[in-house]
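Everything on this sheet refers to the single structure shown next.
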Amino acid sequence: MCRSSQFKQKEVINMTDGRRMGFVSDVEINVEDGRLEAIIIPGPGKLFGIIGKDGEIVIPWECIKKIGEDIILVDLDERFMRKYYD
């Protein structure tokens with residue numbers, strides 16, 4: 001069992017290319033049936049990864065392959081990734 005607050009302590013790693021994507025910043029929950037729909041991570045930084053952010057990346061539940069104590073492994077293809085921009 002895992003609480004939504006514990007997701008923010010987990011780093012997301014893409015199994016497709018081994019890339020470290022960052023830490024979970026939020027989760028998306030379907031309020032009608034209480035299911036976790038997606039995890040959200042901050043987008044890449046605009047200037048050398050330091051100043052500003054380039055929106056958020058939403059990773060659907062279907063792409064999550066394994067949730068460990070410290071890491072969430074995802075199998076993420078760019079086709080399935082949703083991005084939100086400020």
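Here are some notes:
- Of residues in region 29-48 being surrounded by 11 or more Cβ atoms within 10 Å (Cβ to Cβ) and assigned to a loop (DSSP other than H, G, I, E, B), the one modelled with the highest pLDDT: Gly43
- Complete set of residues in region 60-86 that are of a type in the set (A, V, I, L, M) and at pLDDT 90 or above: Ile64, Ile67, Ile71, Ile72, Leu73, Val74
The values are calculated or read from the model by the stated rules, or taken from the named source; none is laboratory data. No experiment lies behind these values; they were computed from the predicted model shown. A quick note on method: Cβ atoms are made from the backbone with ideal geometry, for glycine too, and the neighbour counts reach across all protein chains shown.
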